[in-house]
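Please read the structure below before turning to the comments.
The values are calculated or read from the model by the stated rules, or taken from the named source; none is laboratory data. These figures come from a predicted structure and were not determined experimentally. Reconstructed Cβ throughout: ideal geometry from the backbone, glycine too, with neighbour counts over all protein chains shown.
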Amino acid sequence: MPSSITIPIEIQLTERSQSILAALSGAIGTTQEPATASASAVDLQPGEHYAGVVLDESGQVVHHLVLMAQRPDVKLKWQEAMDWAASVGGALPTRQEQALLYANCKPHLKPEWHWSSETHADDASYAWGCYFGHGGQGYDHKSCEGAAVAVRRV
């Protein structure tokens, strides 16, 4: 009696999964080292970290995301954080980009509440953010102080 059994499995991808796979394949090229290939497609400045590819709703590549090295010295209100990010040549990340940062750059992020660039749809006096300790997202009044990171979109 054999000690192992091989069972062939066929996996069918949804149209969205196929689009995502095709977009990622196109973004990383044909090399066997996807992380290196993705990062090598983007010039990084000292202290920057490649976060990954941002996709749209249909799975098409929108841009590559880079976590910039600069950090503000103090916590900032939302508009101050927006202005600070622009002053270093970047922008606050969107909520989608914050999820990508948490997934791929967590070791380079303080486990604190960080502002996103997105205002709350129901009340413009609030903005979204992400707690990079556990990745949860929520919103707070723009007059509250929070941490900030800047990103570049390539």
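Data table
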{"read-out": "Qualifying residues in the range 26-44 (those that are touching a strand residue (DSSP E or B) at 6+ places or on another chain (Cβ under 8 Å) and in a loop (DSSP other than H, G, I, E, B)) - the one modelled with the lowest pLDDT", "value": "41"}
{"read-out": "Boolean, residue 53 is surrounded by 14 or more Cβ atoms within 10 Å (Cβ to Cβ) and either free of Cβ contacts under 8 Å to residues at least 40 places away in the same chain or part of a strand (DSSP E or B) (or both)", "value": "yes"}
{"read-out": "Total residues in the range 77-89, condition touching a residue at least 40 places away in the same chain (Cβ under 8 Å) and either surrounded by fewer than 20 Cβ atoms within 10 Å (Cβ to Cβ) or among the acidic types (Asp, Glu) (or both)", "value": "4"}
{"read-out": "Residue 123 in a strand (DSSP E or B) and out of contact with any Asp or Glu (no Cβ under 8 Å at 6 or more places or on another chain)", "value": "no"}
{"read-out": "Extreme residue, farthest from residue 45 (Cα to Cα), among residues of the range 85-120 that are in a helix (DSSP H, G or I) and among the hydroxyl-bearing types (Ser, Thr, Tyr)", "value": "102"}
{"read-out": "Checklist (1) in contact (Cβ under 8 Å) with a residue 24 or more places away in the chain; (2) touching an Asp or Glu at 6+ places or on another chain (Cβ under 8 Å) applied to residue 150, failing item", "value": "(2)"}
{"read-out": "Among (1) over 13 Å from the mean Cα position of the chain (by Cα); (2) within 20 Å of residue 124 (Cα to Cα), the one test that residue 96 misses", "value": "(1)"}
